[in-house]
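Peer 1: Structure incoming, see below.
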Amino acid sequence: MFTLLPDGLPSGRELLAEGRAMAKDWQVQRGPFLKERDVPSEAAHKRRTATEGRIMQHAQIGYRDLAKSRRAYAEIYEACARKGVTVDRYGICLDWSMGLPRAIREKGVTGTGMILEGVEDFVAFTSGAPVAPHFGDFVLGFPAAVENTQAALASGSTSIGNLGQYFTFALPGFSDDIETTAATVKALGLIAAQQVETLVHSNLDDGFAALFTDLASSLGAVLIEKEIVERLIGGHVSHCYGNHFTDPLRRLAFQLALCEVTDTPGTMVYGNTVSYRGNAAQNFASSASYLLADITGQRVRPSGHAINPVPVTENTRIPDIDEVIDAQLFAARLVEDSQSFGTLVDVAKAQAIADAIVAGGRQFRDNVMTGLAEEGVDTQDAFQMLLALRRLGGKRLEERYGVGEPDASIMRGRRPVVPASLIDEINGKAREHLAVVGSADRTKLKISGLRVLVATTDVHEHGKLLIENVFRELSVETIDGGVSVEPADLAARAGESGADAIALSTYNGVALKFLKALKVELALKGLDTPVLIGGRLNQVPEGSNTSLPVDVTAELVAEGAIVCTEVEAAVPALIGIAGRRKAKGRRTRLAS
């Protein structure tokens, strides 16, 4: 029988009390933003801005080079101000190693983000301009949650996250979910005990929404997080979405749905980054598409969400300072030029979709809460609630408690109330990739009997879903190798499953380091399993303090990887692997 939680767990109530007690020494400090705007918190600024009818703007910054990051903090704000454009808030891109406690951080794998060593660095970084500092990544939800939250408060931040990452992110080399949960609960207690309204930020697209097939489930996740943060802890949770919302209508409908279930101001609507598939000129069209939906949403139902114009180079590299400025100026002009755009939008249609999302979301929340109680989870204990949700995972939650009609032919086994546009996107991209595969190659793969282990180096699962979708259509059996998997675990799975190849999707600048580690682990097990790798094939050079990662495709090839810049590039590689396997089997039979 599946046991969700073991005995002897820490008490959530005691952890919260410990976190709240820290508020005697750690309170929000009035940094440049709070002083300049003369507000107690960013939430107060959001409410005032919404009343004024102005749409807030959000930018992401955080280069590996701290000096460059500090320069960006001032330059972006000042350059935009000279053009009459206000950048209200910065999302701070910390490196994922920041999720590890400072004492063991040096032992962790580093990515492409910024590393702030201590409280002084946090304070110095946010002092450059009167922009609200939003610490959204690798603060809450990780073993270093307490120390990072303390530093964020000291820097004047009143928006701290990312609770969504707690449910789905795993740090390389660290797997203790009990310690991670305990740290997160303490940090939530500290935030809730602040004398000013401090938002617990949660990006749904970093959490379960990235895995859900139904927007009703995604809104249900909002309601469940409200149960934990607001009812059990006494804090204020604020939600972000948008990374994977490719359909403007459903994007608008989801904002309307959010407004139905919460009166806490939203943090930001994130850019639809998965739509950036072309060059800069093509990506401007995608940028305008999602921004118009978000601008319209703020005009129809102001929620305090800032719009987020993602620079058009985001799909190829970390955007530079001037490109962030260009994106902000582009968004501001779009706000000006779209004053009458809302008259062209069928808001009633969006509202009808929102109503369905809300009804389904409430049912999903009720299903989950009832199901957890039946599993023996104390639903009045924040620690047990968080840990149970994390251990169940998004796929199992939706399979067990989803509200759509059962249908075994559909992913998760249910027909969505309102399908997530990400699933449409993945299916559409799969069709595009499959269209270029010839019938002769399809036949070869169909009779090959190949079994491929598919995994990701990080939490970004969409590449993995796309690979699995395409391979299934080509009659190649896929084996689940996991998300944010460790090299040792992946090698073990390869040996256990007898996989003919490993297909690896990577995103966060660790391609070469991960491959080298995987090769070592495979060799230790006596395996020579071919590795196909695709995605963001870059890495910050060892010993470099540069902000920009470099392409490591050539190095990956030199290490023996089969680089696949597109999914269909795996087809000739798989055919070759099948041929070598067949020839090897023939030689073995002849030798015997």
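Peer 1: Going highest first, how would you order 3-12, 179-188 by mean Cβ packing within 10 Å?
Peer 2: Result, highest mean first: 179-188, 3-12.
Peer 1: Can I ask one more? Show me 23-29, 252-258 ranked by packing, highest mean number of other Cβ atoms within 10 Å first.
Peer 2: Numbers: 23-29: 15.0, 252-258: 26.6.
Answer by packing, highest mean first, reads 252-258, 23-29.
Peer 1: How large, in Å, is the chain by the Kirkwood hydrodynamic radius built from its alpha-carbon pairs? Could the numbers behind the result be given before it?
Peer 2: Values: mean 1/r = 0.0404 Å⁻¹.
24.8 Å is the Kirkwood radius here.
Peer 1: Moving on. Hey, what number do you get for the chain at 222 nm if only DSSP H runs of n ≥ 4 count, each worth -39500 (n - 2.57), divided across all residues, to the nearest 500?
Peer 2: On the way: 21 runs with 283 residues, N = 592.
Mean residue ellipticity, 222 nm, calculated: -15500 deg cm²/dmol.
Peer 1: What list of ³J(HN,Hα) couplings, whole Hz, do you get for the range 392-399 from phi and the Karplus terms 6.51, -1.76, 1.60, once you set θ to phi - 60° and write x for glycine and proline?
Peer 2: Result, rounded to whole Hz: 5, x, x, 4, 5, 4, 6, 5.
Peer 1: Relative contact order for the range 230-369: what percent, with Cα pairs under 8 Å and sequence separation of 6 or more? Please list the in-between numbers first.
Peer 2: Numbers: 163 pairs, mean separation 38.1, N = 140.
For the range 230-369, the relative contact order is 27 percent.
Peer 1: In addition: Once neighbouring chains are kept in place and the probe is 1.4 Å, which whole percent of the accessible area of the chain is contributed by carbon and sulfur?
Peer 2: Details: 11700 of 23240 Å².
Carbon plus sulfur share of accessible area: 50 percent.
Peer 1: Now for a separate question. Report the relative contact order of the chain, percent, no decimals, based on alpha-carbon pairs under 8 angstrom and at least 6 residues apart. Please report the intermediate quantities before stating the final value.
Peer 2: Working: 1151 pairs, mean separation 81.8, N = 592.
Over the chain, the number comes to 14 percent.
Peer 1: What is the distance, in nm, between label points placed 7 Å from the Cα along the Cα-to-Cβ direction at Glu477 and at Arg13?
Peer 2: Going from the Glu477 label point to the Arg13 one covers 5.2 nm.
Peer 1: List residues of the range 91-128, by number, whose backbone nitrogen lies under 19 Å from a label position 7 Å along Cα→C-beta of Ala488.
Peer 2: Flagged as within label range: 100-101, 104-110.
Peer 1: Please list the non-local residues whose amide H lies under 5 Å from the amide H of Ser448, H modeled 1.01 Å from N, same-chain partners needing a gap of 5 or more.
Peer 2: Under 5 Å from the amide H of Ser448 lies no amide H from a residue far enough along the sequence or on another chain.
Peer 1: Right, something else. Using a Förster radius of 45 Å, what is the FRET efficiency between Leu4 and Ser289 based on their Cβ-Cβ separation? Nearest 0.05, please. Please report the intermediate quantities before stating the final value.
Peer 2: Values: r = 42 Å, r/R0 = 0.92.
After rounding to 0.05, the efficiency reads 0.60.
Peer 1: Something else: So if the hydrodynamic radius of the range 163-255 is defined as the Kirkwood radius over C-alpha pairs, what does Stokes-Einstein give as its diffusion coefficient at 10 °C and 1.306 mPa s, in µm² per second? Numbers along the way, then the final one.
Peer 2: Details: Rh = 14.3 Å.
Rounded to a whole number, D works out at 111 µm²/s.
Peer 1: Still on this model: Can you give me the long-range amide H partners of Val237? Hydrogens built in the peptide plane at 1.01 Å from N, cutoff under 5 Å, separation of 5 or more residues or another chain.
Peer 2: Amide H neighbours of Val237, under 5 Å, 5+ apart: Val200.
Peer 1: A further question on this structure: If R₀ is 56 angstrom, what is the calculated FRET efficiency for the pair Arg391 and Glu120, using the beta carbon separation as r and rounding to 0.05? Don't skip to the end; give the middle numbers.
Peer 2: On the way: r = 37 Å, r/R0 = 0.66.
FRET efficiency, Arg391 to Glu120: 0.90.
Peer 1: Right, something else. Quickly rank 302-309, 139-146, 167-174 as a protection proxy: mean count of other C-beta atoms within 10 Å, highest first. Don't skip to the end; give the middle numbers.
Peer 2: Details: 302-309: 25.1, 139-146: 26.6, 167-174: 20.8.
My ranking of the peptides, most packed first, is 139-146, 302-309, 167-174.
Peer 1: Here's a follow-up. Go through the range 375-444 and name the GluC sites (Glu not before Pro) that are in a DSSP coil and have 16 or fewer other Cβ atoms within 10 Å of their Cβ. If you can, show how the numbers build up before the last one.
Peer 2: Numbers: sites: Glu375, Glu398, Glu399, Glu425, Glu432; in loops: Glu375.
Listed in order of number, the matching sites are Glu375.
Peer 1: For the range 217-263 and the range 281-315, compute the distance between their C-alpha centroids and round to whole Å.
Peer 2: 18
Peer 1: Here is a further query. Could you give the dipole magnitude of the chain about its Cα centre, charging the beta-carbon of Lys and Arg +1 and that of Asp and Glu -1, in debye to the nearest 20?
Peer 2: On the way: 62 positive and 73 negative charges, 252 e Å.
Dipole magnitude for the chain comes out near 1220 debye.
Peer 1: Go through the range 59-145 and name the GluC sites (Glu not before Pro) that are in a DSSP coil and have 14 or fewer other Cβ atoms within 10 Å of their Cβ. Working shown, then result.
Peer 2: Details: sites: Glu75, Glu78, Glu106, Glu117, Glu120; in loops: Glu117.
Passing sites in the range 59-145 are Glu117.
Peer 1: Treat each spin label as a single point 7 Å out from the Cα along the C-beta direction, and report the Lys584 to Ala280 distance in nm.
Peer 2: 4.6
Peer 1: Only Lys, Arg, Asp and Glu count, each charged at its Cβ (+1, +1, -1, -1), so figure out the dipole size of the range 215-343 about its Cα centre, rounded to 20 debye. Please list the in-between numbers first.
Peer 2: Numbers: 9 positive and 14 negative charges, 62 e Å.
Dipole about the Cα centre, nearest 20: 300 debye.
Peer 1: HN-Hα J couplings of the range 193-199 from phi, Karplus 6.51/-1.76/1.60, θ = phi - 60°, integer Hz, Gly and Pro as x?
Peer 2: After applying 6.51 cos²θ - 1.76 cosθ + 1.60, I find 8, 5, 6, 10, 5, 10, 7 Hz.
Peer 1: Taking the Cα centroid of the range 189-207 and of the range 407-428, what is the distance between the two, rounded to the nearest whole Å?
Peer 2: Measuring centre to centre over Cα atoms gives 31 Å.
Peer 1: Right, another one. Per residue Cα convex hull volume for the range 297-412, in cubic angstrom? All intermediate terms of the calculation are to be shown ahead of the outcome.
Peer 2: Working: hull volume 24.4 nm³, N = 116.
With only Cα atoms used, the range 297-412 gives 210 Å³ per residue.
Peer 1: Please list, in chain and number order, the residues 5+ apart from Val485 or on another chain whose amide H is under 5 Å from its amide H, with Hs placed from the backbone.
Peer 2: Answer set, sorted by chain and number: Thr456, Asp458.
Peer 1: With θ set to phi - 60°, apply the Karplus curve 6.51 cos²θ - 1.76 cosθ + 1.60 along the range 406-412 and write out the HN-Hα couplings as whole Hz, x wherever there is a Gly or Pro.
Peer 2: Those phi angles translate into x, 7, 5, 7, 10, 3, 6 Hz.
Peer 1: Next up: Leaving out ligands and nucleic acids, note down the accessible area per residue over the range 100-195 with a 1.4 angstrom probe, in whole Å². Don't skip to the end; give the middle numbers.
Peer 2: Values: 2620 Å² over 96 residues.
Normalised by residue count, the accessible surface of the range 100-195 is 27 Å².
Peer 1: When a/c reaches 1.5 or more, the comparison of a/b and b/c decides; with that in mind, is the range 408-521 rounded, prolate or oblate per its Cα gyration tensor? Kindly include the intermediate steps, with their values, before the conclusion.
Peer 2: Details: a/c = 1.77, a/b = 1.27, b/c = 1.40.
It comes out oblate by the Cα gyration axes.
Peer 1: Can you give the FRET efficiency for Glu260 and Lys107, using 1/(1 + (r/R0)^6), R0 = 35 Å, r = Cβ-Cβ distance, to the nearest 0.05? The partial results should precede the final answer.
Peer 2: Values: r = 46 Å, r/R0 = 1.31.
For R0 = 35 Å, the calculated efficiency reads 0.15.
Peer 1: Is there a quick way to get the dipole size of the range 397-439? I mean about its Cα centre, with the Cβ of Lys and Arg at +1 and of Asp and Glu at -1; what is the value in debye to the nearest 20? Don't skip to the end; give the middle numbers.
Peer 2: Numbers: 6 positive and 7 negative charges, 12 e Å.
Using only the charged Cβ atoms, the result is roughly 60 debye.
Peer 1: Right, next: In Å, what Kirkwood hydrodynamic radius results for the range 470-532 from the alpha-carbon pair distances? Display every interim value, and only then the final one.
Peer 2: Working: mean 1/r = 0.0819 Å⁻¹.
Result for the range 470-532, one decimal place: 12.2 Å.
Peer 1: Can you give me the angle between helix 66-82 and the longest principal axis of the chain, using Cα atoms only, in degrees from 0 to 90, rounded to the nearest 10?
Peer 2: Relative to the chain, helix 66-82 is tipped by roughly 60 degrees.
Peer 1: Just subtract the alpha-carbon distance of Asp528 and Val196 from 0.36 nm times their residue separation and send over the number in nm, one decimal. Present the calculation step by step, with values, prior to reporting the outcome.
Peer 2: Details: separation 332, 0.36 × 332 = 119.52 nm, distance 5.75 nm.
Answer, rounded to one decimal: 113.8 nm.
Peer 1: Another question about this same structure. For the range 201-285, what is the accessible area per residue in Å², given a 1.4 Å probe and the full set of protein chains?
Peer 2: Values: 2040 Å² over 85 residues.
Accessible surface, normalised per residue, equals 24 Å².
Peer 1: Taking the DSSP beta bridges in the chain as the whole, what percent of them are antiparallel, to the nearest 5?
Peer 2: Details: 6 of 44 bridges.
Bridges in the chain that DSSP calls antiparallel: roughly 15 percent.
Peer 1: For the range 348-431, what does the accessible surface come to per residue with a 1.4 Å probe? Please give it in Å².
Peer 2: Details: 3590 Å² over 84 residues.
Accessible area per residue, the range 348-431: 43 Å².
Peer 1: Another question about this same structure. With the Cα gyration tensor of the range 25-179 in hand, convert its eigenvalues to equivalent ellipsoid semi-axes via √(5λ) and list them largest first in whole Å. If you can, show how the numbers build up before the last one.
Peer 2: On the way: eigenvalues 153, 55, 39 Å².
Those come to 28, 17, 14 Å.
Peer 1: Quick one: the Cα spread of the range 374-466 along its three principal axes, in angstroms, biggest first?
Peer 2: Projected onto the principal axes, the Cα atoms of the range 374-466 cover 59, 30, 22 Å.
Peer 1: If each residue of separation counts as 0.36 nm, what is the full-extension length gain between Ile410 and Ser439 once their alpha-carbon separation is subtracted? Walk me through the intermediate numbers first.
Peer 2: Working: separation 29, 0.36 × 29 = 10.44 nm, distance 2.61 nm.
Computed gain between Ile410 and Ser439 is 7.8 nm.
The values are calculated or read from the model by the stated rules, or taken from the named source; none is laboratory data. This structure is a prediction, so every number in the text was calculated from the model and none was measured. Because the Cβ atoms are built from the backbone with ideal geometry, glycine has one as well, and the counts that use them run over all protein chains shown. With ligands, DNA and RNA removed, areas are computed over all heavy atoms of the protein, side chains included. Shrake-Rupley method; radii C 1.70, N 1.55, O 1.52, S 1.80 Å.
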